[in-house]
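Structure record follows, encoded as structure tokens.
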């Protein structure tokens, strides 16, 4: 059974979707949810599904020695960022090479980088008059949103789209594709 750890800062809709996707199967389980916000909705998602949760503060994340000690017995096959807003420290990237992935709500390299999350991204896409937006699932490296892309999926941007309506389109792509790509990566690990 493959082991997943989810890092999230928000409501946890992607985390909930990932947990449900793998529930009942024999490929993977979410073993831990890590959040940098004590009031994040994702913590309630974890409790509801019986997944242990951990809240980290800046001192426990930069540098991540204590967090790495906590993760060691879990031995995750993948660390999945699902709306986690802090940059992953180099020590963590080195400890889990090719095992940390993120989903970005735009087509990288456009509209990526520090501060580009949630509504900020959708506002930037609309302001740029892009014909399409979408998601980029990518490996995490030491820089925001610059890791190698694993999969991109697109949706059209309508002239009458608002950040809210565009967000809904992008969320649908996230819910459909993030668990599937996680599954593909885990299957590839299993057969390697």
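Computed from the coordinates by the stated procedures, all read-outs in this text should not be read as laboratory data. Keep in mind that this is a model prediction, so the values were computed, not measured. Reconstructed Cβ throughout: ideal geometry from the backbone, glycine too, with neighbour counts over all protein chains shown.
On C-alpha positions alone, give me the angle between the axis of helix 65-74 and the longest principal axis of the chain, in degrees, nearest 10. Here the helix axis deviates by roughly 80 degrees.
On a full-extension model of 0.36 nm per residue, what is the gain between residue 142 and residue 87, subtracting their alpha-carbon distance, rounded to one decimal in nm?
Stretched out fully, the residue 142 to residue 87 stretch lengthens by 19.0 nm.
Counting only DSSP beta bridges whose two residues both lie in the chain, roughly 40 percent are antiparallel.
In a fully extended conformation the segment linking residue 191 and residue 168 would gain 4.8 nm over its present Cα-Cα distance, using 0.36 nm per residue. Counting only alpha carbon atoms, the long axis of helix 13-22 and the longest principal axis of the chain meet at about 60°.
Only helices enter the 222 nm calculation for the chain: every DSSP H run of n ≥ 4 contributes -39,500 (n - 2.57), and dividing by all residues gives -12000 deg cm²/dmol, rounded to 500. Fully extending the segment from residue 27 to residue 175, taken as 0.36 nm per residue of separation minus the present Cα-Cα distance, adds 51.4 nm. Remark: relative contact order (the stretch 49-170) = 22 percent; criterion is Cα-Cα distance under 8 angstrom and separation of 6 or more residues. With the simple spin-label model, which puts each label point 7 Å out from Cα in the Cβ direction, the residue 62 to residue 120 separation comes to 1.4 nm.
For the chain, the longest principal axis of the Cα atoms and the long axis of helix 163-191 meet at an angle of about 40 degrees. Put the Cα centre of the stretch 139-189 next to the Cα centre of the stretch 1-73 and the gap is 19 Å.
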